[in-house]
Amino acid sequence: MKDLHQVSVTVNGTVHEVSVESRRTLADMLRHDLGYTGTHLGCEHGICGACTVLVDGSPVRACLVFGVQTDGRSVRTVEGLAARGGELSDLQRAFSRHHALQCGFCTPGFLMLAEAFLAEYPEPSEQEVRELVASNLCRCTGYQGIVEAIKETADERARG
Ligand code: FES
Ligand code: FES
């Protein structure tokens, strides 16, 4: 018999009631039970960061968190970055301008990581941005465009 638990989780502002097994990861719950397939899975053991989402505003690796741990909490995924009408956020537009993605597989994780980082450190140095992005793996871009996009977004936001 399956070991099912009722979870009430808010994802990008929408409340979901979902029944999940205790071993179901947050990444699988988001992708398979709730349809938020923008969260990508690479390594599935906490190394690559492709699965990064925000839980109550803090970045977590969704492959290392169980879905049941988000009961009563608020999750933000890459689908929650754009405006309701589909207009990309300033950070997403900067990624596009700076060619901060090629295959795009790592991109949701970098975007969510950077979103949380900029909320906490609104005026980072380039070195701080470089240290931030070292936590996630990108096999395509060489990171330069990603660093430029995050730095430019910070600078734009600081200018208002
Ligand atoms: S898939 Fe979660 S860290 Fe790689
Ligand atoms: S853009 Fe391909 S892995 Fe980062």
Would you mind finding the one in T141, T153 that is in contact (Cβ under 8 Å) with a residue 12 or more places away in the chain, among the hydroxyl-bearing types (S, T, Y) and touching an Asp or Glu at 6+ places or on another chain (Cβ under 7 Å)?
T153
Condition first: under 10 Å from the mean Cα position of the chain (by Cα) and in a loop (DSSP other than H, G, I, E, B). Now tell me which residues in the range 38-55 satisfy that.
G38, T39, H40, G49, A50, C51
Within the range 1-17, the residues that are touching a residue at least 12 places away in the same chain (Cβ under 8 Å) and over 20 Å from R61 (Cβ atoms) are K2, D3, L4, H5, Q6, S8, G13, H16
Failed item in (1) away from ligand 1 (no atom under 14 Å from the Cβ); (2) in contact (Cβ under 8 Å) with a residue 12 or more places away in the chain; (3) farther than 29 Å from P122 by Cα, with G35 passing the rest
(2)
H40: passes all of (1) within 23 Å of A134 (Cβ to Cβ); (2) outside the structural domain of K151 (by TED's automatic domain parsing); (3) in contact with a Leu (Cβ under 7 Å, 6 or more places away or on another chain); (4) crowded, with 20+ Cβ neighbours inside 10 Å but (3)
Per-region count, the range 64-96, residues free of Cβ contacts under 8 Å to residues at least 40 places away in the same chain, open to solvent by less than 60 Å² (accessible area, probe 1.4 Å) and more than 16 Å from ligand 2 (Cβ to nearest atom)
5
Identify, from the list G35, G85, the residue that is modelled with pLDDT of 95 or more and assigned to a loop (DSSP other than H, G, I, E, B).
G35
The range 1-31, residues that are within 20 Å of G46 (Cβ to Cβ) and not in a strand (DSSP E or B)
S22, R23, R24, L26, A27, D28, M29, L30, R31
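The values are calculated or read from the model by the stated rules, or taken from the named source; none is laboratory data. Keep in mind it's a predicted model, so treat the numbers as computed, not measured. All Cβ positions, glycine included, derive from the backbone under ideal geometry; neighbour counts span all protein chains shown. For accessibility, only protein heavy atoms count, side chains too; no ligands or nucleic acids. Shrake-Rupley method; radii C 1.70, N 1.55, O 1.52, S 1.80 Å.
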